[in-house]
Every structure is written in C-alpha cells, then in structure tokens.
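The values are calculated or read from the model by the stated rules, or taken from the named source; none is laboratory data. None of these values were measured; they are calculated from a predicted model. With ideal geometry, Cβ positions are generated from the backbone for all residues, glycine too; neighbour counts draw on all protein chains shown. The area values use the complete protein model at the heavy-atom level, side chains included, leaving out ligands, DNA and RNA. Shrake-Rupley method; radii C 1.70, N 1.55, O 1.52, S 1.80 Å.
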Amino acid sequence: MTDAPLRTAFLNLPERRMLTASDGVPIDTVLLRGAPGRTAAVVVANGFTGTWRSPDTRMIAQRLLAAGDVLLFDFRGHYGSGGLSTVGNEEVRDLEAAVAHLRGLGYTDIATVGFSMGAAVVVRHAGLHGGVGAAVSVSGPSRWYYRGSRRMRLLHFGVERTAGRFFLRAARRVRVTDRHWDPVPPDPTEMAAHVAPAPLLVVHGDADAYFPLEHARRLHEAADGGGELWIERGMGHAERAMTSERAQRVADWIAANRVPAPAPRVHG
C-alpha cells in the first residue's frame, strides 16, 4: 500500500508515501503532522496542473493544520504520481485512496478541501463515497465541458488537442489522456445533493476568470441548505487566489462545522 516514509525539506519534515488508487495508479502523497495524537485530518485536492510542491499549496496546508493533520497529494498524471490525468473523472479514485489511507492510520475525523478541478472531485467523492465530516469546494465548476470563459476555452484546447497535451507534458509535467469520458459521470451539481450529512462549504471569487459566480450558486443551491456559500470580493481562481487569511477562515470553518464522519458508502 505504501512505501517507506521519505524525509523532505518541506514544512515540518513531512512523511512522503506512494499510495495506490483502486485501479492501480500510484499516487504521490505528503502527510503533515501537527500536535501528536490527533485524530482529525484534512485532505487537499489541487486544481489541474497543481501540485503539493507549489508555494500556494504549502501556505494553504500550513493554515489548515489548525483543523487537523494535512495530507497533500498529486492527482494522477501530475508530477510524481503515475497514470494519466482524466481532468476530473477517474481522479475520484485518487482522493478515495488518500482518505482511505488516513483511516488506516487511525484518523476518524476527515475533511476534504478541493480547488478548481480538485473541487469537483471533492464534491463527487463526498457524494459518491461519503465517509467525510466536511467538504470544501474552492473555485469549482458546477457542470462539465464549460467553455463560457476564455481561460476555459484555452484549457479545453490544452487537453483535447495533441499539441496542447504535448505542451502540458513538456512545460507543466502533466500527462493527459487522449480518451473521452465514456460514460460521462454525474456533474458536480448533481453530486452536491448527496454530500449530506457532511456540510459543503462553497468558496468562490467574484474575479474568477475561469468560472463565473453562477457555478458557486448552483452548487450551494444543490446542497439544499447543507452548508455555506462564501462569495469572496476581489478573489481570483483557486490556489493562487487564496490568501493566508482566507485559508485560515476555511480551517476555522472546518473545525467549527464538521460532523462525525459516517461510514463510507460501499460500491459493488
């Protein structure tokens, strides 16, 4: 299941392990521990092309330590993880591997925080697998194949064209599949209705250049009162738009609102 821990010069000498998703893809993870003996943990799911190595993610992790030990990981096809990115479809397996790993270490109170693509994965995971006490979607889409912004049209070019995939591999260390989704999974709005009993916090900036505010509002409405919606003035998109103060408020919300995690849902 895991390799021996590797020490890195990252924050408080975290533990680095390679996990295995349910379809055999290796997932590169880093666990940051706070005070000894804690049973609460937070899993951070980056956006597309994101990595646990980035300064933005490291800052966010430092703040989230107030809510529990923090597990960071790279999605499939990203940096040290294996496989190919499916841009939000099979990535739910990666998040479930991370959450299951924490349960195996004895954590009983687990929350998930996702950004952009990772936000969609967090909502899908909570709705499909359950077993988390809170879920946070930051800068997430409410539906698939959105092309209403220039940034999203460029992103679709990058993942759908051979030249775009070559650029992502060479310049961003991200390897993207050339296969289309078949079948297309339920979109985040549909899955948001199934996140309960865990509360869902939806965080979105009014200066987001990828997804307009309608996405955040749709997610929040679909949760049917089971969470909160924060519209952040002047905030852009995903990890780069997270200030230290915003990350701290997310940590405080998790600590104050998470519920006892129900048993994971079993899928045949």
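So which of Phe211, Phe157, Phe167 is of a type in the set (Phe, Trp, Tyr), over 23 Å from Arg58 (Cα atoms) and within 19 Å of the chain's Cα centre (by Cα)? Please lay out each step first, then the result.
Working: Phe157 fails: within 19 Å of the chain's Cα centre (by Cα); Phe167 fails: within 19 Å of the chain's Cα centre (by Cα).
The match here is Phe211.
Take residues that are surrounded by fewer than 24 Cβ atoms within 10 Å (Cβ to Cβ) and tell me which of the strands (runs of 3 or more DSSP E) falling wholly in the range 19-112 contain 3 or more. Break it down stepwise before answering.
Numbers: elements: 26-32, 40-45, 69-73.
The strands (runs of 3 or more DSSP E) meeting that bar are 26-32.
Find the residue count for the range 227-239, including only residues that are surrounded by fewer than 15 Cβ atoms within 10 Å (Cβ to Cβ) and under 17 Å from Phe115 (Cβ atoms).
Residues flagged as surrounded by fewer than 15 Cβ atoms within 10 Å (Cβ to Cβ) and under 17 Å from Phe115 (Cβ atoms) within the range 227-239 amount to 1.
Can you name the number of the only condition in (1) open to solvent by 10 Å² or more (accessible area, probe 1.4 Å); (2) at pLDDT below 95 that Pro14 fails?
All conditions are met except number (1).
What do you reckon, is Phe211 assigned to a helix (DSSP H, G or I) and hydrophobic (A, V, I, L, M, F, W, C)?
Details: assigned to a helix (DSSP H, G or I): no; hydrophobic (A, V, I, L, M, F, W, C): yes.
For Phe211, the condition - assigned to a helix (DSSP H, G or I) and hydrophobic (A, V, I, L, M, F, W, C) - is not met.
Condition (residue is at negative phi, in contact with a strand residue (DSSP E or B) (Cβ under 7 Å, 6 or more places away or on another chain) and not in a loop (DSSP other than H, G, I, E, B)) applied to the range 124-131: is it met by at least one residue?
First, the residues of the range 124-131 that are at negative phi: 124-129.
Those still in the list that are in contact with a strand residue (DSSP E or B) (Cβ under 7 Å, 6 or more places away or on another chain) too: 125-126.
From the residues that got through so far, the ones that are not in a loop (DSSP other than H, G, I, E, B) too are 125-126.
Within the range 124-131 (the criterion being at negative phi, in contact with a strand residue (DSSP E or B) (Cβ under 7 Å, 6 or more places away or on another chain) and not in a loop (DSSP other than H, G, I, E, B)), the answer is yes, since at least one residue qualifies.
Could you please give the count of residues in the range 142-152 that are closer than 19 Å to Glu232 by Cβ, open to solvent by 10 Å² or more (accessible area, probe 1.4 Å) and assigned to a loop (DSSP other than H, G, I, E, B)?
As a first pass, look at the range 142-152 and keep what is closer than 19 Å to Glu232 by Cβ: 142, 149, 151.
Restricting the remaining residues to those that are open to solvent by 10 Å² or more (accessible area, probe 1.4 Å) gives 149, 151.
Filter once more, keeping what is assigned to a loop (DSSP other than H, G, I, E, B): 149.
Selection size over the range 142-152: 1.
When you go through Val202, Val159 one by one, which is the residue that is closer than 30 Å to Ala255 by Cβ and either charged (D, E, K, R) or not in a loop (DSSP other than H, G, I, E, B) (or both)?
Details: Val159 fails: closer than 30 Å to Ala255 by Cβ.
Answer to the check: Val202.
Look through the range 49-84, keep the residues that are of a type in the set (Phe, Trp, Tyr) and in contact with a Lys or Arg (Cβ under 9 Å, 6 or more places away or on another chain), and return whichever of them is nearest to Arg246 (Cα to Cα). Walk me through it before giving the result.
In the first step, residues of the range 49-84 are kept if they are of a type in the set (Phe, Trp, Tyr); the result is 52, 73, 75, 79.
This time we only want the ones that are in contact with a Lys or Arg (Cβ under 9 Å, 6 or more places away or on another chain), so: 52, 79.
On the way: Trp52: 18, Tyr79: 27 Å.
Filtering the range 49-84 for residues that are of a type in the set (Phe, Trp, Tyr) and in contact with a Lys or Arg (Cβ under 9 Å, 6 or more places away or on another chain), the one nearest to Arg246 (Cα to Cα) comes out as Trp52.
Could you tell me whether the range 182-201 includes any residue that is open to solvent by 60 Å² or more (accessible area, probe 1.4 Å), out of contact with any strand residue (DSSP E or B) (no Cβ under 7 Å at 6 or more places or on another chain) and either of a type in the set (S, T, N, Q) or free of Cβ contacts under 8 Å to residues at least 12 places away in the same chain (or both)?
yes
Looking only at residues that are touching a residue at least 60 places away in the same chain (Cβ under 8 Å) and in contact with a strand residue (DSSP E or B) (Cβ under 6 Å, 6 or more places away or on another chain) in the range 205-226, which one is surrounded by the fewest Cβ atoms within 10 Å (Cβ to Cβ)?
Gly205
How many residues does the range 113-123 hold that are on the phi < 0 side of the Ramachandran plot and open to solvent by 10 Å² or more (accessible area, probe 1.4 Å)? Walk me through it before giving the result.
Our first condition is that a residue be on the phi < 0 side of the Ramachandran plot; within the range 113-123, this holds for 113-115, 117-123.
Now narrow it down to the ones that are open to solvent by 10 Å² or more (accessible area, probe 1.4 Å): 117.
The total comes to 1.
Matching residues to (1) of a type outside the set (S, T, N, Q); (2) within 17 Å of Leu105 (Cβ to Cβ):
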position: Arg17; (1), (2): yes, yes
position: Val25; (1), (2): yes, no
position: Ala45; (1), (2): yes, no
position: Gly50; (1), (2): yes, no
position: Thr57; (1), (2): no, no
position: Gly68; (1), (2): yes, yes
position: Arg76; (1), (2): yes, no
position: Ser81; (1), (2): no, no
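List pairs: first residue in the range 162-174 and open to solvent by 60 Å² or more (accessible area, probe 1.4 Å), second residue aliphatic (A, V, I, L, M) anywhere in the structure, Cβ distance under 8 angstrom, at least six positions apart or on different chains.
Listed pairs, sorted by first residue: Arg169/Val176.
Name, by its number, the condition in (1) buried (at least 17 other Cβ atoms within 10 Å of the Cβ); (2) in contact with a Phe, Trp or Tyr (Cβ under 8 Å, 6 or more places away or on another chain); (3) of a type outside the set (Ser, Thr, Tyr); (4) closer than 26 Å to Glu228 by Cβ that does not hold for Leu155.
Failed condition: (4).
Evaluate the following for Glu245: is it open to solvent by 70 Å² or more (accessible area, probe 1.4 Å) and modelled with pLDDT of 95 or more?
Working: open to solvent by 70 Å² or more (accessible area, probe 1.4 Å): yes; modelled with pLDDT of 95 or more: yes.
Answer is yes for this residue.
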